[in-house]
Every structure is written in structure tokens, then in C-alpha cells.
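One structure is given here, and the rest of the page talks about it.
The values are calculated or read from the model by the stated rules, or taken from the named source; none is laboratory data. All values derive from a computational prediction rather than experimental measurement. So basically every Cβ, Gly included, is an ideal-geometry build from the backbone, and we count neighbours across all protein chains shown.
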Amino acid sequence: MKVGILGGGQLGRMLLQAAGNYVVETHVLENDPNCPAAHLCHHFTKGDITDFDTVYAFGKGLDAITIEIEAVNVEALEKLEAEGVTVIPKPSAIRTIKNKVVQKAFYKEHEIPTSAFVITHNLAELELHKDFLPAVHKIGQGGYDGKGVSILESENDISKGFDAPAVLEKKVAIKKEIAIIVAMNTRGEITHYPPAEMIFDPVWNLLDYQLSPAILPEKTLWRAEAIATKVVKELQSPGLFAIELFIDKNDEVLVNESAPRVHNSGHHTIEGNYSSQYDMLWRIILGYPLGNTDPILPSAIVNILGADGFSGSAIYEGLEEVMAMDNVFVHLYGKTQTKPGRKMGHVTILHKDYQDLTYKANKIKHLLKVKA
Ligand code: ADP
């Protein structure tokens, strides 16, 4: 079976690593011939994943196609789907999710709990919604990794908003941020992974590390699982989806956003769960039964980011010591060049004891530095 992946970043790379267990011919489309996935696939095509003709030509001879990022040309995927190529997730699901305005409206239409919102078309319109603040302004398309999200505490912050179609949503008093990965195959069978819990650095508001399974009261867990499952059922598409949720101070569960693809919050499933998110997506694409999502042991993820003040050929300081630690798995994405904040890899830690996970996560954060 010939399967194409749109995008050749680290998620594509890990998806290709898992493809090694199956009989599949892999194709990647990506502009950068030195991207993390370029050398792990059978056929690499250099090209723009947002261009109709490029995506259509890439997909034409394939049996199936999937994505590692939602910023792709959906029209080309629709045409390929109409011509018999299996597209996972369905282009309609990508269309709903890739624009945050459409995504929010979808939650409302399907009565999926999410923070209250209004849609704004330009910066001037924000002035009309002063009463709605404090709120979070999110650009409809083109935002990622926190870019495209602006917190507006009061009317003094209005200039920090976006002069483009965007969602203005009520600021949630967040107690916890969790993510649940849900998988649905072409037979409509559905399963999910245990939630992962994001632990943020309160000073920088960056993800510090992640723990899984999240520690939640049973009722909150059931509610979160039911909501995440409902999102995927309503999208009516096979595929693997990451549903990011807020638990607020009153223990209400709200959907923040969804991703129709393998996700950063699921890296730990490679070692931490019987079937990883990457293995699961291959099962779905190739038409096999769903895998077992049970955790083997609780796990933590620490991201390896380029250190501040260093740009150039990457040097991994502290790698020897981290590699020598028990039940610690280092994943480097093969990027030769570092710059401040660039995602260069991640480390997964397994242990039955959460205290040990937290201790090791902090230790690794301090030991491992990417310099140049
Ligand atoms: P991105 O797609 O760039 O990751 P998100 O929509 O996930 O953007 O927002 C980034 C972060 O901003 C979230 O992880 C959360 O901490 C904060 N945030 C987003 N929406 C809200 C909200 N409605 N209320 C409070 N905080 C929010």
C-alpha cells in the first residue's frame, strides 16, 4: 500500500518510525529536503503542502494520504478523496479544525462544552466587545505554538488583538490543562488514550513537562473522556485526534482546541502505552483493528528546546548523563541547526511513581541543554 504524509516535521518522522512494523510504501511531501522526516521515507517529494496542484499531483498515485499538520490544501484532498484516494482524517474534519473560527462554531453547533465566544473580523470590532474582557483573542488561521493567541486582560490590551478574522473567547480560570487522544477507524470503532496533563512554567507560560495518565477525580475523568469522544464522533471522520481540554476552578470541563493528527501530547505513547499514537494511526490507515491504549507505566515528557543565546550547529550538553538514566528514552529529531526555543527532541520517562517522574523530569530539564 502506498501512503503519503503531508508535512515532514518531527511528527511525520515518528510516524515513519512506526511504519517500519508494517508493509507500506511511504511518501512524504514537504518543502524542506532536510526536514526531520525526509530521510526516513521511501519517496520524498519537495513541494508546498498548501498548494493545490502540488498536493493533488503528490496524492494522485497513492492509495491513502494523511497529514502531520492541518495547514494543508484541503481542496486538493477533497478532489483526491472524490477520486478514490483514502484520506485520513477526512478533508471535512481538517476543514472544520484548521480555522479556529469554524472550529469554535462547530463546538457550539454540536453542544460540546467550550468557553463562551464572539467572532471578530478586524481589530476595530474588538472595541465593541470591551465588556467581554478578560478574554483570549485567537486568530482564525495561521497561528501555532502560542503565536496567534493573545490574552486581553482589559481594554488597555485591545491593541494586542488581531486585525484578521479571529475568535474572542472568555478567559477561563484554568485549574488544569489536559489532552486526550481519540482514535476512530474506518469501521467506526473508537478508543482513547488516558489523558495527559500539562504542567506549565508559571513564569514563562511554556510547557514545562507533561504527565500521563493525568491525576483527576473520577467524575472529571469520565466527563473529559465523554467530551473528547463526542468531538470525534461529531467530526464523523476516521483518524487520530488530540482533544485539548481545560478543567476550570469549578471542575467544569471545556474543550480548548482539537488537532486532527498525531500530536505532541502523545509522544510518550511510544514507550508508555502498548500501542503508540503512531502505531494507532497506521492501524487506522491500513484498515487493521485498533490497538491497546492502556499505559504500561505512568510517563512524563520533557521537551528538548534550543537554549537561549545559541544559534548554529547543535551540541547536546548533558546527553551522556541523561542517556545513562534508567527508563529514560531520548528522541532527537535529527535537526542539525539549533536556535532559541526550537524543538529539537523530547525525552520520555517511565516510572510507576509520580514523584520519581517529576524528580527526573526536573533533573533532565536542568541537565540537558542544546547549545551551538
Ligand atoms: P495554540 O494553538 O497556539 O497552542 P491554544 O489555543 O492552545 O493555542 O492556546 C495556548 C494557551 O493559551 C493554552 O494552552 C492556554 O494556556 C491559554 N489559553 C487559550 N485559551 C484560553 C482561554 N479561553 N482562557 C484561558 N487561557 C487560555
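A few points about this structure:
- Residues satisfying the stated conditions in segment 158-188, i.e. surrounded by 17 or more Cβ atoms within 10 Å (Cβ to Cβ) and under 23 Å from Gly239 (Cβ atoms): Glu177, Ile178, Ala179, Ile180, Ile181, Val182, Ala183, Met184, Asn185
- Test for Thr269: is it modelled with pLDDT of 95 or more and touching a His at 6+ places or on another chain (Cβ under 8 Å): no
- Residue within segment 201-211 that is buried (at least 21 other Cβ atoms within 10 Å of the Cβ) and modelled with pLDDT of 95 or more present: yes
- Restricted to helices (runs of 4 or more DSSP H) entirely inside segment 1-109, those with at least 2 residues that are of a type outside the set (Val, Ile, Thr), surrounded by 15 or more Cβ atoms within 10 Å (Cβ to Cβ) and in contact (Cβ under 8 Å) with a residue 60 or more places away in the chain are 10-19, 91-98, 100-109.
- Selection within segment 230-280 - of a type in the set (Lys, Arg) and more than 16 Å from the ligand (Cβ to nearest atom): Lys230, Lys233
- Strands (runs of 3 or more DSSP E) lying entirely in segment 300-372 (those with 3 or more residues that are free of Cβ contacts under 8 Å to residues at least 40 places away in the same chain): 328-332
- Residue count for segment 303-351, restricted to those that are out of contact with any Pro (no Cβ under 9 Å at 6 or more places or on another chain) and among the small types (Gly, Ala, Ser): 7.
- Count of segment 61-79 residues which are of a type in the set (D, E, K, R) and closer than 18 Å to Leu286 by Cα: 2
- The conditions of being surrounded by fewer than 17 Cβ atoms within 10 Å (Cβ to Cβ) and not small (Gly, Ala, Ser) are not met by His129.
- Residue match in segment 89-102 (condition: at pLDDT 95 or above, within 16 Å of the ligand (Cβ to nearest atom) and of a type in the set (Ser, Thr, Tyr)): yes
- Boolean, Met344 is out of contact with any Gly (no Cβ under 8 Å at 6 or more places or on another chain) and either modelled with pLDDT of 95 or more or not small (Gly, Ala, Ser) (or both): no
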